[in-house]
Every structure is written in C-alpha cells, then in structure tokens.
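Student: For reference, the structure I am asking about is given below.
The values are calculated or read from the model by the stated rules, or taken from the named source; none is laboratory data. Remember, predicted model here, so these are calculated numbers, not experimental data. Note that each Cβ is placed from the backbone with ideal geometry, even for glycine, and that neighbours are counted across all protein chains shown. Note: areas computed on protein heavy atoms with side chains; ligands, DNA, RNA excluded. Shrake-Rupley method; radii C 1.70, N 1.55, O 1.52, S 1.80 Å.
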Amino acid sequence: MNSLRAISSNRAAALVFGAAVLAYPLVFSGRFEIGAAVAVGAMAIGAIGFVLLIGYAHQLALGQAAFCMIGGYGSALLTTRYGADPFVAMIVSMALSGLVAWAIGRPILKLRGYSLAMASLALQLMLVFLAIEMASVTGGAEGVPGVPKFALFGWRLEGDISYFYLVWLLVAFSLAFGLNVVASRIGRALKAIGASEVAAASVGIDITHYKVQMFVASAAMASVTGSLTAHYLRIMEPHVFGFVFSLNIITAVIVGGLHSIWGGMLGAVVLVALREGLRALELPTWEVVIMGGLTVLVLMLFRQGLAGALAAVYRRLCGAAPEATAVAPPPVHLARDATEERQRPESGDLEIDRASKSFGNLRAVHEVSFTVKSRSITALIGPNGAGKTTLFNLVCGSLPLDSGEIRFRGRRIDQLAPHRLSALGIARTFQNVQLFTNMSVLENVMCGRHRHARAGIVRAGLGLPQIAEEERGLREHAMQWLEFAGIAQAAAMSTATLPLGHQRLVEIARALASEPALLLMDEPASGLNDSETESLARLILRIRALGITVLLVEHDVRLVMGLAEHVVVMSYGEKIAEGSPAQVRASPQVISAYLGTA
C-alpha cells in the first residue's frame, strides 16, 4: 500500500498501459484480434486530441472526422500517385490538417455550443461530398485503392504485429503529449478558460489563441488517425470517416471521460471492443442501440467517465486525497517573501478622459474625467446605480467606450482586449469572486503568473527539462504571493471549499502574482465581516507599499475614507466631486447624493 501511495496515478496507469501493449500480441495473435487493436489505437490518437478540444478547450466541434479524411486522403494520394514515403506522407498530411484548422479556426470558433457543433459537422459532410464528386482526384465513391503498407523511410512494416506496435507507440506518444500539455501552463490556461473566461483574460490568457491552438492540435492528431487507418485498410474511400465515425469518436470520449487524456484511449478500447464483439455475435444491428445505452449509463453512473471512475478507485486503494485537493504546495522553505524580491513597478498614471457609455437610452457614464496618480490609492464611490461598475468595466476592457479615452502611462488602452491589459501591468479583482473552481488555490495563483512563463505547446507537450524548471519557478512565486496574502496554508485546497473571505484573498494573490503596476479592485470588501474588512485594509496598504497603484471601487465609505488618498464620487453616471477624503466628506453634492435633500 505504501508503494502504491508513492506512485502517481498517471505513472501507475502508464505502467499498466505499457504492460498491456507489450503482452497483447502474445495473448491475442490472430489477425482479427490484431486488426481490432490497430483500429483501437488509430481511433485513440484522434480521441486524445478530441479530449484536448472538447474536454479542456470546451469547444463542441464535432466534425473531427473531417481532419481524419484529410489525413487519410493525403497519405493515400501522396503514396499512390507521387511515390512518397508513407511516414513522410503522414507528416505532410498532418501539417496540412493543422493548416486547414488554423485557417478556419478563428472564424468557426467564434460560434458557440450547438452552432459550433453543426458548423463543424457541416465541414465534414462537405468534405465527404467533395471526395465523391471530385472523382478525378479522389477516385469518387470507389476511393483510392492500392495504398501501400506503412513504411519508415523505406523500411516497410509487412506484418500486422509490427504495425500494431507502431500504432501503439504513436498512442503512447500522444498520451505523453496530452498529459504534458495538461500539466503545463497551457493546461492551466485551458482549465481557467473553462471555469471563467473573464477571469482567465484578466490574468493575461489569450482565450482565442488557446482555443485555436487546441483546434489545430486536435486536427493534427485526427489526421494521424486517418493516415494510419488508410495504410492498414490499404484503401481510402469517402465513407471510412463518415458521420458514423464522428458519432463513434464522440461516444468514445464521453464513455472514457471528457476531462481525462486517458479517457480518450479508454473510450476507444471500450467502443471498438464492444463493436467487434457485437459483430462476432452477428448482432451488428444492435450496435447503435447498445452504444447509446452504454453512453447514457456511463453519464448516469460516472460523471467523469470510466477513466474518472478508475482514478477514484485507485485513490481509494492508495488512501490518496480527492483529486480536487491533491495538489500540494512545493516542498520549499521560503526565506524571503514576495516583497523582498519584487522590483518597484514602472511609474505611470491612469488617465480617464471624458469617458462615456450608454445602453440604449440609459446614460450609464457621461464624460467622466479623472486621474489615478501612480503609486497611490484612489477610490471611486457613489450610490447604487451611479455608474461605478460600468466605468470600472470600461477601464478593464470588458466594455467598449462610446467616446472619450483611457490612457495608462501615456498609452491609450481603451481599445485593447483584457488579456492585453495584463501584459501592460494591469490586474483586477471582481465584485463577485471569479476563481477557477476546477483548480487548487496554488494552481489559481500560478495562473496569475501566466504572462511570465514562456512554455509553448511543442515544448510543453514534449516535456523538455526547462519546462519542469519553469514550473518549479511558477510554484515558488505563487507560494510567495499566497504567503503575502496570508493564505498559504490553503495552497492544496480546492477554491470551492473556501469561505468567501479566503476566496477574496486568493483572488488578490492571483492578481498580485502577475506583478502589476496597477491593481483594479471591484468592491473587495463586499460580503466581508468587520474583522475581515480590517485585514483587507491592512493588505491594501501593504500592496501600495510595494509601489502598486490601486484603483478601488467600494461601497464601504468608512473603508474608503480610511485608505484612499484621492476619492472620486459619481452619481447618475456623472462625476460630482473629487479630492481628498476630507474634501469629499464635506461636499454638499456628495452629502445630497448619499443622504438626499430635505
């Protein structure tokens, strides 16, 4: 039991996987059994890519068979008509699939939900139609016959068993690639996008970039599925990757587990084994009914799929903590906190110049102008409906201006996307806490370091040594900011289990982890009791002491008057007063706005 506890679930799964692959041909050596295993492996590669796309990037693009077709036809045509080496043909086809996915990715991924699903399926059906109609190129309905057996630079794989090992070697590479990506900054970015896109953008995550990146990666892996299948069947025709194949790969991913890289492979194993078993029993007509019933059963009993169920059993056997709290803080002893190593940020004022925003006939903000001085605490206050939140969202890039300008360090920023603001040194917190509840406290704050890391998908997927070093640095910096916020003891906990006061501290630590020059705080005291509010006030003063400029939107006037050096007051979308706390407190207009007139 102690040895089981010492082995991670991924490592244990890898040992089981390796042993099963090596032993399979020794136990099942018949052509039918080897052929079924090859089909499983080919589908598994595409399914792993599909898990990255739908399970992590949350893009319901269901037409992955379109890229299987590109891979299959690319390999078939390049080898039969141009004499290309099959391995080279597979790589070229994979690159072509990735290029097509990149070209259509940005426009098609602007769609959401069922619209995206239907658009991606339409792409697949369009390719099937073209493959049938363009007979001079694709062979029409009869396809491309005589596809050669797979070869590696002239070394031809004549036997089925050698091809079996090649396919499953590629499955192992795909698994390692997927697991490495998920464990990297890219995986955290994808999880952050799935939990809260607005919060992900606030820490510098380019949402569209990562969605398109997963679309391209998934397309490339689907292309490999197509190439391997074409070389095994020795023919490529339009209906090999038709609508039924799309349904099969979707079913495989759902049954195996949408949020598990292992789930893609496990679902392919279950699906193909069940399908071939039904055919052996001469019950192919029941395939759709049984597949549908299996999918419903898994969804009812195992929300995380079969991979999630097996992972839960493994943790129970090993006495491990639940997955949501499994990430422990790094085993380092911090001799210095974040304040000692942080350089004071470059100074610069935030200037709001005649900012205006209307919603139809409602004038939410009208020609508001003020300046937030560098390394100061400025508060924006006003009664409910004054337009504070709208103005705050204009500064954060969440809403576009109707007129006016917003500048930071002399640069206009009101036309920039939220993730671009993070790169300029602007961070924010939210009125309603926006944490990534699918990650631990430590991982949330590591997301705040996203713009300071450089690992791309290729280096992350290959698991290069510098990636591990970068991850250690990210963990250490994240722990420093958790120490600074006084919440380090909760590093391994799930954010969903924390009380509101601690959640706000985690959100502040995440914002500080980006090392901002300007921190925008939207009602940070909302929902806190008196002692928590006092602790928050001390924390904000410590933040200002780091040289960080703070713009604070707050309802708690007592907190504002005790903290702010400059106060701006709004009412009905307009600025009615600004100055020192004492000046604002004595303003008749402010008294009237808050207390009314007799």
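Student: At least 3 residues that are among the aliphatic types (A, V, I, L, M) in each: list the strands (runs of 3 or more DSSP E) lying fully within the range 351-440 that qualify. It would help to see each step written out before you state the result.
Tutor: On the way: elements: 362-372, 377-381, 403-408, 426-428.
Answer list for the range 351-440: 362-372, 377-381.
Student: Just to check your reading of the model, which residue among G139, G98, G154, G143 is closer than 21 Å to G264 by Cα, touching a residue at least 60 places away in the same chain (Cβ under 8 Å) and of a type outside the set (A, V, I, L, M, F, W, C)?
Tutor: Values: G139 fails: closer than 21 Å to G264 by Cα; G154 fails: closer than 21 Å to G264 by Cα; G143 fails: closer than 21 Å to G264 by Cα.
Result: G98 is the single residue among G139, G98, G154, G143 that is closer than 21 Å to G264 by Cα, touching a residue at least 60 places away in the same chain (Cβ under 8 Å) and of a type outside the set (A, V, I, L, M, F, W, C).
Student: Could you please give the count of residues in the range 547-564 that are closer than 9 Å to A379 by Cβ and of a type in the set (D, E, K, R)?
Tutor: 1
Student: Working only within the range 542-558, note down all residues that are of a type outside the set (V, I, T) and modelled with pLDDT of 90 or more.
Tutor: Narrowing the range 542-558 to residues of a type outside the set (V, I, T): 542, 544-547, 551-552, 554-556, 558.
Within the range 542-558, R542, R544, A545, L546, G547, L551, L552 qualify.
Student: Of the numbered conditions (1) assigned to a helix (DSSP H, G or I); (2) buried (at least 17 other Cβ atoms within 10 Å of the Cβ); (3) modelled with pLDDT under 90, A61 satisfies every one except a single condition; which is it?
Tutor: So the condition that A61 fails would be (1).
Student: Same structure again: Out of curiosity, is G204 open to solvent by 10 Å² or more (accessible area, probe 1.4 Å) and outside any helix (DSSP H, G or I)? Steps first, answer last, please.
Tutor: Values: open to solvent by 10 Å² or more (accessible area, probe 1.4 Å): yes; outside any helix (DSSP H, G or I): yes.
Answer is yes for this residue.
Student: Need the failing condition index for G98 against (1) at pLDDT 90 or above; (2) not in a helix (DSSP H, G or I), just the number.
Tutor: With respect to (1) at pLDDT 90 or above; (2) not in a helix (DSSP H, G or I), G98 is out only on (2).
Student: Quick one: how many residues across the range 101-141 are at negative phi and not in a helix (DSSP H, G or I)? Step through it out loud before you land on a result.
Tutor: Narrowing the range 101-141 to residues at negative phi: 101-112, 114-138, 141.
The next check asks that each one be not in a helix (DSSP H, G or I); those that pass are 109-112, 134.
Here the count works out to 5.
Student: Report yes if R510 is in a helix (DSSP H, G or I) and open to solvent by 30 Å² or more (accessible area, probe 1.4 Å), otherwise no. Quick ask: steps written out before the conclusion?
Tutor: Details: in a helix (DSSP H, G or I): yes; open to solvent by 30 Å² or more (accessible area, probe 1.4 Å): no.
So R510 does not fit the description; no.
Student: With modelled with pLDDT of 80 or more, in a helix (DSSP H, G or I) and over 25 Å from the mean Cα position of the chain (by Cα) as the only criterion, which of V288, V272 stands out? Walk me through how you get there before you give the answer.
Tutor: Details: V288 fails: modelled with pLDDT of 80 or more.
After ruling out the rest, the residue left standing is V272.
Student: I'd like the full set of residues that are in a helix (DSSP H, G or I) and either of a type in the set (D, E, K, R) or open to solvent by 80 Å² or more (accessible area, probe 1.4 Å) (or both), limited to the range 8-31.
Tutor: Filtering the range 8-31 down to residues in a helix (DSSP H, G or I) leaves 9-27, 31.
Residues satisfying the conditions are R11, L15, V16, L22, L26, V27, R31.
Student: Return yes when A47 is within 19 Å of the chain's Cα centre (by Cα), within 27 Å of G105 (Cα to Cα), in contact (Cβ under 8 Å) with a residue 40 or more places away in the chain and open to solvent by less than 10 Å² (accessible area, probe 1.4 Å) and no when it is not. Full working, then the answer.
Tutor: On the way: within 19 Å of the chain's Cα centre (by Cα): yes; within 27 Å of G105 (Cα to Cα): yes; in contact (Cβ under 8 Å) with a residue 40 or more places away in the chain: yes; open to solvent by less than 10 Å² (accessible area, probe 1.4 Å): yes.
For A47, the condition - within 19 Å of the chain's Cα centre (by Cα), within 27 Å of G105 (Cα to Cα), in contact (Cβ under 8 Å) with a residue 40 or more places away in the chain and open to solvent by less than 10 Å² (accessible area, probe 1.4 Å) - is met.
Student: Ok, one more. Determine if the range 273-286 includes at least one residue that is touching a residue at least 40 places away in the same chain (Cβ under 8 Å), open to solvent by less than 40 Å² (accessible area, probe 1.4 Å) and closer than 20 Å to G178 by Cα.
Tutor: No, the range 273-286 has no match at all.
Student: Among the listed residues M265, M236, which satisfies the condition of being open to solvent by less than 40 Å² (accessible area, probe 1.4 Å), more than 13 Å from G49 (Cα to Cα), touching a helix residue (DSSP H, G or I) at 6+ places or on another chain (Cβ under 7 Å) and modelled with pLDDT of 90 or more? Even if it seems obvious, please write down each step before you answer.
Tutor: Details: M265 fails: more than 13 Å from G49 (Cα to Cα).
Exactly one of M265, M236 is open to solvent by less than 40 Å² (accessible area, probe 1.4 Å), more than 13 Å from G49 (Cα to Cα), touching a helix residue (DSSP H, G or I) at 6+ places or on another chain (Cβ under 7 Å) and modelled with pLDDT of 90 or more, namely M236.
Student: Restricting attention to the range 416-450, and to residues there that are among the basic types (K, R) and surrounded by 21 or more Cβ atoms within 10 Å (Cβ to Cβ), which single residue is farthest from S514 (Cα to Cα)? Talk me through it step by step, then tell me what you get.
Tutor: Applying the first criterion (among the basic types (K, R)) to the range 416-450 yields 420, 428, 449.
When the remaining residues are screened for being surrounded by 21 or more Cβ atoms within 10 Å (Cβ to Cβ), the result is 428, 449.
Working: R428: 10, R449: 5 Å.
Per the stated criteria, the residue is R428.
Student: Now for a separate question. So the check is Cβ under 9 Å with 6+ separation or different chains; which pairs have a first residue in the range 410-427 that's of a type outside the set (A, V, I, L, M, F, W, C) and a second one that's exposed (fewer than 13 other Cβ atoms within 10 Å of the Cβ) and part of a loop (DSSP other than H, G, I, E, B)?
Tutor: Matching pairs, first to second residue: D414/P400; Q415/P400; G425/E346.
Student: In the set A76, A135, which member is of a type in the set (G, A, S), at pLDDT 95 or above, more than 25 Å from the chain's Cα centre (by Cα) and over 30 Å from P465 (Cα atoms)?
Tutor: Values: A135 fails: at pLDDT 95 or above.
That would be A76, the only listed residue that is of a type in the set (G, A, S), at pLDDT 95 or above, more than 25 Å from the chain's Cα centre (by Cα) and over 30 Å from P465 (Cα atoms).
Student: Then there's this: Of S162, S115, S136, S120, which residue is under 29 Å from V40 (Cβ atoms), surrounded by fewer than 20 Cβ atoms within 10 Å (Cβ to Cβ) and not hydrophobic (A, V, I, L, M, F, W, C)?
Tutor: On the way: S115 fails: under 29 Å from V40 (Cβ atoms); S136 fails: under 29 Å from V40 (Cβ atoms); S120 fails: surrounded by fewer than 20 Cβ atoms within 10 Å (Cβ to Cβ).
Unique residue meeting the criteria: S162.
Student: With the structure loaded, tell me whether E515 is in a helix (DSSP H, G or I) and among the charged types (D, E, K, R) or whether it fails that test.
Tutor: Details: in a helix (DSSP H, G or I): no; among the charged types (D, E, K, R): yes.
Considered against the rule, which asks whether it is in a helix (DSSP H, G or I) and among the charged types (D, E, K, R), E515 comes out as no.
Student: Which one of these does L520 not meet: (1) among the aliphatic types (A, V, I, L, M); (2) under 27 Å from P345 (Cβ atoms); (3) open to solvent by 20 Å² or more (accessible area, probe 1.4 Å)?
Tutor: So L520 meets the others, but not (3).
Student: Might you check whether a residue that is more than 22 Å from A273 (Cα to Cα) and either out of contact with any His (no Cβ under 7 Å at 6 or more places or on another chain) or not basic (K, R) (or both) occurs anywhere in the range 45-53?
Tutor: Of all residues in the range 45-53, those more than 22 Å from A273 (Cα to Cα) come to 52-53.
Filter once more, so that each one left must be either out of contact with any His (no Cβ under 7 Å at 6 or more places or on another chain) or not basic (K, R) (or both): 52-53.
For the range 45-53, residues more than 22 Å from A273 (Cα to Cα) and either out of contact with any His (no Cβ under 7 Å at 6 or more places or on another chain) or not basic (K, R) (or both): present.
Student: What's the number of the only condition in (1) in contact with an Asp or Glu (Cβ under 8 Å, 6 or more places away or on another chain); (2) at pLDDT 90 or above; (3) of a type in the set (D, E) that E142 fails to meet?
Tutor: Of the numbered conditions (1) in contact with an Asp or Glu (Cβ under 8 Å, 6 or more places away or on another chain); (2) at pLDDT 90 or above; (3) of a type in the set (D, E), the odd one out for E142 is (2).
Student: Quick one: which of L175, L190 is open to solvent by less than 10 Å² (accessible area, probe 1.4 Å) and within 30 Å of E507 (Cα to Cα)? Working first, answer last.
Tutor: On the way: L175 fails: within 30 Å of E507 (Cα to Cα).
Being open to solvent by less than 10 Å² (accessible area, probe 1.4 Å) and within 30 Å of E507 (Cα to Cα) holds for just one of L175, L190, which is L190.
Condition check ((1) touching a residue at least 40 places away in the same chain (Cβ under 8 Å); (2) under 15 Å from A44 (Cβ atoms); (3) among the hydroxyl-bearing types (S, T, Y); (4) in contact with a Lys or Arg (Cβ under 9 Å, 6 or more places away or on another chain)) across all residues:
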residue	(1), (2), (3), (4)
K191	yes, no, no, no
A195	yes, no, no, no
V203	yes, no, no, yes
T225	yes, yes, yes, no
T229	yes, yes, yes, no
M236	yes, no, no, no
I250	yes, yes, no, no
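Student: Restricting attention to the range 546-598, report how many residues are open to solvent by less than 10 Å² (accessible area, probe 1.4 Å), in a strand (DSSP E or B) and among the small types (G, A, S).
Tutor: 1
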